[in-house]
Amino acid sequence: GFELERNCFRKTLLRFYWDGKDYPSVEAPIGDFFGMGHGISKNFVSAPLQMSPEDGKGFNCWWPMPYRSARLTVTNECKTKLVFYYYVDYEEYPEADEDLCYFHAAWRRECPTKGVDESKFANHNAWCFEESNLSGEENYLVLHTRGKGHYCGCNVNIHNLSTSGLWDWPGEGDDMIFIDGDTEPTLNGTGTEDYVNMAWCPTQEYSAPYHGLILGGRDNWKGKITYYRYHIA
């Protein structure tokens with residue numbers, strides 16, 4: 001029988017090049033690009049991205065991607081061969097609307113992500129809820145970009161490797177968006193759960209068009225977690 005190599009969805013890379021450029025506008029592992037990290041696949045439904053049965057191995061992408069010419073590549077960095085097939089649907093127009101934007105997607109990881117040392121606080125509650133960070137220093141960076149465009153959102157994968165037996169919810173970090181050189185957040189959210197349109201340290205798996213929790217983690221939020229939030233409407 002045919003068996004998939006472990007982490008094959010992290011070891012298979014997509015690169016999309018628009019209009020003859022020599023650098024990719026899309027560069028990401030195939031699983032992460034289609035909305036699920038950790039090198040695995042899992043059934044879920046969102047508006048722009050879906051993983052369908054069997055076991056999420058039917059990847060679907062509905063992002064519009066305007067181009068004059070396009071080159072799409074798939075690179076297999078596994079030690080084994082892959083069975084891979086695809087459809088690309090496209091439409092042709094005599095000319096493009098002037099306000100169309102090119103599609104870009106990037107993948108990044110910190111391993112491990114920098115965090116606040118809980119030993120510096122009197123108790124675990126203080127570690128989670130006291131003090132604030134308005135500079136963005138040592139926060140996990142989702143995107144740094146310049147120029148005109150539309151931030152369409154992200155999928156966020158957390159692997160909680162903490163050995164703490166205390167309350168170990170990893171989601172009190174606030175989302176911060178700095179615009180046009182602001183030194184304090186132009187937009188400052190109230191926590192990871194709120195940014196992904198959920199509440200109360202969610203663990204229940206849930207898929208909506210623009211936000212969801214594909215993987216909820218184990219007891220005490222240990223292990224692997226996956227959220228998504230898309231700014232489309």
Zone of ASP99 (label point 7 Å along Cα→Cβ, backbone N under 19 Å): which residues in the stretch 48-72?
64-67
Tell me the per residue accessible area of the chain using a 1.4 Å probe; a whole number in Å² is fine.
69 Å²
Under 18 Å from LYS81, Cα to Cα: aspartates and glutamates that are on another chain or at least 8 residues apart:
GLU3, GLU5
Excluding the sites themselves, what is the longest stretch of the chain that contains no chymotrypsin sites (Phe, Trp or Tyr not before Pro) in a DSSP loop with at most 12 other C-beta atoms within 10 Å?
91-150
Could you please state how large a percent of the accessible area of the chain is carbon and sulfur, counting protein chains only and using a 1.4 Å probe?
51 percent
Length gained when the stretch SER207-ASN125 is fully extended (0.36 nm per residue, less Cα-Cα span)
26.5 nm
Low-density loop positions, trypsin sites (Lys or Arg not before Pro), the stretch 88-120 - DSSP coil, at most 15 other Cβ in 10 Å:
ARG108, ARG109, LYS114
Determine the gain in length on full extension of the stretch LYS42-THR73; use 0.36 nm per residue of separation and subtract their C-alpha separation, reporting nm with one decimal.
8.8 nm
Value of relative contact order over the stretch 165-233, rounded to a whole percent, pairs C-alpha under 8 Å and six or more apart
24 percent
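The values are calculated or read from the model by the stated rules, or taken from the named source; none is laboratory data. Just so we're clear, the structure is a prediction, and the values are computed from it rather than from any experiment. Reconstructed Cβ throughout: ideal geometry from the backbone, glycine too, with neighbour counts over all protein chains shown. Each accessible area value is taken on the protein alone, full model and side chains, heavy atoms only, with ligands, DNA and RNA left out. Shrake-Rupley method; radii C 1.70, N 1.55, O 1.52, S 1.80 Å.
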